[in-house]
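J.: Supplied in structure tokens, the structure appears directly below.
The values are calculated or read from the model by the stated rules, or taken from the named source; none is laboratory data. As the structure is a computational prediction, the values presented were derived from the model and not from experiment. Quick reminder, even Gly has a Cβ in these numbers, built from the backbone with ideal geometry, and neighbours come from all protein chains shown.
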Amino acid sequence: MIEATDLRKQYRSTAALDGFSLRVEAGEIVGLVGPNGAGKTTLIKILATLLRHDSGRAAIAGHDVVGQPRAVRAVLGYLPDVPGLYSDMRVAEFFEFFADAFHIKGGRRAAAVERALARSGLSARRDEFVEHLSLGMKQKLVLARTLLHEPRVLLLDEPATGLDPLARIELRELIKALNCEGVTILISSHILSDLEDICTRIVLISAGRNITDDAQLASGAPNKTLVCEIEFLGDADAVLQSVRAAAAARVVNSSGQHVRVEVQGGREEASALLRFLVGQGVRIVRFDPREASLEDRYREVFGGPAA
Amino acid sequence: MNPMIRKELRQRMRERRAWILPTLYLGVLGGVVALTYYVSTEGSFESAFRPARDIQGSAIGAAVFLAVIMSQLALLMLLAPIFSAGAITIEKEQRTLAGLLTSLLTPFQIWAGKFTAAMMFLVLLLISSVPVLALCFSLGGVGWSDVAAAFGMTLAILASIGAIGLYCSSYFRRSVHSTAVCYAVVIAISVLTAIAAYMLASSWQARHPVTQAAQIQPNPPGYLMAPLYLNPFYALISVFAPREGKVPTWAKCLALFLAMTVLFSLLAIQNIKRRGEQA
């Protein structure tokens, strides 16, 4: 449904995208994760037909974003990172304008506007000026506008920015509901826990490249990975030496009497590690294996302080 | 109807300036009429109400008419960049351009909405001055054809300034830059063209001094006056000038202003198409 092949985009001397490739199948919710300046917004803008790439190919629902931009826009909903609003328009007028802009006519127009009003929870405030709405309301208004023409593909660039916790939960539920209706979604966000909750797949982007495969190779994935938090007594150097000697284990970080170990495999492998360490004479006071979170993965790939 | 036009007109008429500007505009034009009438009736307050016998009403009417259409052009040229040069930059500043560009609106529709809204307000101001001009009819010396010709040329000039303003607006990110450049262009075509024509004519006359045989200064050739064809005030006056040559001067001016309108409109539409990174 979303295809990007070897996309390159240069801003003067900076390569915003450097051979980025991605394929999102119909019905997926894919999270796009990477540090600031990694190329997330550039990629989304290219897919949304706002920016032209220098080389490569990008397509939405089989339509080339450069060759058939109108066909792309007809099936695409785009929510920018900082969405703008016409504050001097009334709520209903705002939806009516975008219904007209998407050529929604006749009875479908009225139905689309009513649906958008209901979705944004602003039916009772349809005649109010947009400028009088709260930030959360405005965010809902923009999201409802993005969905007005019932797009089959959604590109969401930091959709949770500025939302309070309740609004964030509502947004997550809405995204899940849309996905259940068959909408394919590419979502960029720094809120990793949200992405972990809703996405079917995560794509890592760094310096304009899709590094998901590299990251998986570096950490031994796609096999399952567990992260074990181990607390022990005694000499730390000796314990670290024992851990490093264990098969399928990798020290992520350590401090004092605590070591964080990544184990390739599942609970069997974790149990084997525990037996191995006990056999080596390590006095363990806590051994806590859990699945590696997106935050763990992010920290491992992009660096940052240990948890 | 193009949804952009409906949206723009609705938003424009909600602004406070929608009623403040016509009020100020008509106030200034009313002042111009009073002043011109006062001056053209020998400049005394008393004579303004009892004109001297040797002054024809038609002469006063023509003087008032010329003063009004020239002042009107100057005022509208000052206002045109306000309506046009911020029209697209405001969409960039309030981050709404992305919503327009990712909808099914074409760049032409976006441009047409902005251009029509800017022109409609200027036309509203132009039409609102008709009652002021009606005074000239009561004095005589001016016909409906003169008014129509003046309005037609004024509209052509305003359309070209509107198109230049929209081009600046499509090019720059911020309204302040776009408006400043548009005003610079307005000043250039109003002042620099006159200075350029004067300098070219002076230079030509210096090279062609008065001969004893002719005893009169020869007129410089017409092409030296070419910069004036871009001068809005010269263009407006040319409408009432007697016809010289195959193509009347007003037609040359009109063609130039229309060409500028088309050129800058096409450039603006291209810019809207390409300026997704500013969205």
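J.: With respect to B:Ala52, determine if the residue is crowded, with 17+ Cβ neighbours inside 10 Å and either away from chain A (no Cβ under 14 Å) or modelled with pLDDT of 85 or more (or both).
T.: no
J.: Moving on to the next point. Kindly check whether there is at least one residue in the stretch A:278-292 that is outside any helix (DSSP H, G or I), at pLDDT below 75 and either within 22 Å of A:Val239 (Cα to Cα) or of a type outside the set (Lys, Arg) (or both). Full working, then the answer.
T.: Our first condition is that a residue be outside any helix (DSSP H, G or I); within the stretch A:278-292, this holds for A:280-292.
Now narrow it down to the ones that are at pLDDT below 75: A:292.
If we keep only those that are either within 22 Å of A:Val239 (Cα to Cα) or of a type outside the set (Lys, Arg) (or both) too, we end up with A:292.
The answer is yes, given that some residue of the stretch A:278-292 is outside any helix (DSSP H, G or I), at pLDDT below 75 and either within 22 Å of A:Val239 (Cα to Cα) or of a type outside the set (Lys, Arg) (or both).
J.: Another question, if that's okay. Considering only residues that are of a type in the set (Gly, Ala, Ser) and outside any helix (DSSP H, G or I), look in the stretch A:72-92 and name the one that is nearest to the other protein chains (Cβ to nearest Cβ).
T.: Restricting to residues being of a type in the set (Gly, Ala, Ser) and outside any helix (DSSP H, G or I), the top hit is A:Gly84.
J.: While we're looking at this one, here's another question. Would you confirm whether or not the stretch A:223-231 contains a residue that is touching a residue at least 60 places away in the same chain (Cβ under 8 Å), out of contact with any Phe, Trp or Tyr (no Cβ under 9 Å at 6 or more places or on another chain) and of a type in the set (Lys, Arg)?
T.: Checking the stretch A:223-231: at least one residue is touching a residue at least 60 places away in the same chain (Cβ under 8 Å), out of contact with any Phe, Trp or Tyr (no Cβ under 9 Å at 6 or more places or on another chain) and of a type in the set (Lys, Arg).
J.: Counting just the residues of the stretch A:47-59 that are buried (at least 17 other Cβ atoms within 10 Å of the Cβ) and more than 9 Å from every other protein chain (Cβ to nearest Cβ), which one comes out nearest to the chain's Cα centre (by Cα)?
T.: Within the stretch A:47-59, the match that is nearest to the chain's Cα centre (by Cα) is A:Leu47.
J.: A further question follows. For the stretch B:153-201, which positions are of a type in the set (D, E, K, R) and without any contact (Cβ under 8 Å) to a residue 24 or more places away in the chain?
T.: none
J.: Do the conditions hold for A:Lys9, that is, is it among the charged types (D, E, K, R), farther than 24 Å from B:Met4 by Cβ, away from chain B (no Cβ under 14 Å) and buried (at least 20 other Cβ atoms within 10 Å of the Cβ)? I'd like the intermediate steps shown before the answer.
T.: Working: among the charged types (D, E, K, R): yes; farther than 24 Å from B:Met4 by Cβ: yes; away from chain B (no Cβ under 14 Å): no; buried (at least 20 other Cβ atoms within 10 Å of the Cβ): yes.
Spelling it out, it is not the case that A:Lys9 is among the charged types (D, E, K, R), farther than 24 Å from B:Met4 by Cβ, away from chain B (no Cβ under 14 Å) and buried (at least 20 other Cβ atoms within 10 Å of the Cβ).
J.: Could you list all residues from the stretch B:12-25 that are surrounded by fewer than 17 Cβ atoms within 10 Å (Cβ to Cβ) and under 24 Å from the mean Cα position of the chain (by Cα)? First the steps, then the outcome.
T.: Step one: list which residues in the stretch B:12-25 are surrounded by fewer than 17 Cβ atoms within 10 Å (Cβ to Cβ), which gives B:13-20, B:22-24.
Once the filter is applied, which keeps residues that are surrounded by fewer than 17 Cβ atoms within 10 Å (Cβ to Cβ) and under 24 Å from the mean Cα position of the chain (by Cα), the stretch B:12-25 yields B:Met13, B:Glu15, B:Arg16, B:Arg17, B:Ala18, B:Trp19, B:Ile20, B:Pro22, B:Thr23, B:Leu24.
J.: For A:Gly31, are the conditions met, namely being in contact with a strand residue (DSSP E or B) (Cβ under 6 Å, 6 or more places away or on another chain) and either modelled with pLDDT of 90 or more or within 14 Å of chain B (Cβ to nearest Cβ) (or both)?
T.: yes
J.: What residue, among those in the stretch B:239-261 that are part of a helix (DSSP H, G or I) and without any contact (Cβ under 8 Å) to a residue 40 or more places away in the chain, is surrounded by the most Cβ atoms within 10 Å (Cβ to Cβ)?
T.: Across the stretch B:239-261, the extreme among qualifying residues is B:Thr249.
J.: Determine if the stretch A:67-85 includes at least one residue that is surrounded by fewer than 17 Cβ atoms within 10 Å (Cβ to Cβ), more than 30 Å from A:Ala4 (Cα to Cα), under 24 Å from the mean Cα position of the chain (by Cα) and of a type in the set (A, V, I, L, M).
T.: Scanning the stretch A:67-85 turns up no residue that is surrounded by fewer than 17 Cβ atoms within 10 Å (Cβ to Cβ), more than 30 Å from A:Ala4 (Cα to Cα), under 24 Å from the mean Cα position of the chain (by Cα) and of a type in the set (A, V, I, L, M).
J.: Which residues, taken from the stretch A:185-213, are of a type in the set (Lys, Arg) and surrounded by fewer than 16 Cβ atoms within 10 Å (Cβ to Cβ)?
T.: Result: A:Arg201, single match.
J.: A further question follows. Just wondering, is there one or more residues in the stretch A:130-148 that are free of Cβ contacts under 8 Å to residues at least 12 places away in the same chain, away from every other protein chain (no Cβ under 12 Å) and on the phi < 0 side of the Ramachandran plot?
T.: Within the stretch A:130-148, one or more residues are free of Cβ contacts under 8 Å to residues at least 12 places away in the same chain, away from every other protein chain (no Cβ under 12 Å) and on the phi < 0 side of the Ramachandran plot.
J.: Further question on the same structure: So is B:Ile157 of a type in the set (A, V, I, L, M, F, W, C) and buried (at least 23 other Cβ atoms within 10 Å of the Cβ) or not?
T.: yes
J.: May I pose another question? Check A:Phe95, A:Phe20 and return the single one that is buried (at least 23 other Cβ atoms within 10 Å of the Cβ), away from chain B (no Cβ under 13 Å) and not in a loop (DSSP other than H, G, I, E, B). Can you show your working first?
T.: Details: A:Phe95 fails: away from chain B (no Cβ under 13 Å).
Exactly one residue qualifies, and that residue is A:Phe20.
J.: Something else now. Might you check whether a residue that is more than 14 Å from chain A (Cβ to nearest Cβ), under 14 Å from the mean Cα position of the chain (by Cα) and at pLDDT 90 or above occurs anywhere in the stretch B:109-117?
T.: no
J.: Give the stretch A:60-71 a look and list any residue that's under 22 Å from B:Asn2 (Cβ atoms) and more than 7 Å from chain B (Cβ to nearest Cβ), or say none.
T.: A:Pro69, A:Ala71, listed by residue number.
J.: Just checking, which of B:Ala59, B:Ala74, B:Ala118, B:Ala87 is touching a helix residue (DSSP H, G or I) at 6+ places or on another chain (Cβ under 9 Å), within 23 Å of B:Ala180 (Cα to Cα) and surrounded by fewer than 19 Cβ atoms within 10 Å (Cβ to Cβ)? Working first, answer last.
T.: Details: B:Ala59 fails: within 23 Å of B:Ala180 (Cα to Cα); B:Ala118 fails: surrounded by fewer than 19 Cβ atoms within 10 Å (Cβ to Cβ); B:Ala87 fails: surrounded by fewer than 19 Cβ atoms within 10 Å (Cβ to Cβ).
So the residue among B:Ala59, B:Ala74, B:Ala118, B:Ala87 that is touching a helix residue (DSSP H, G or I) at 6+ places or on another chain (Cβ under 9 Å), within 23 Å of B:Ala180 (Cα to Cα) and surrounded by fewer than 19 Cβ atoms within 10 Å (Cβ to Cβ) is B:Ala74.
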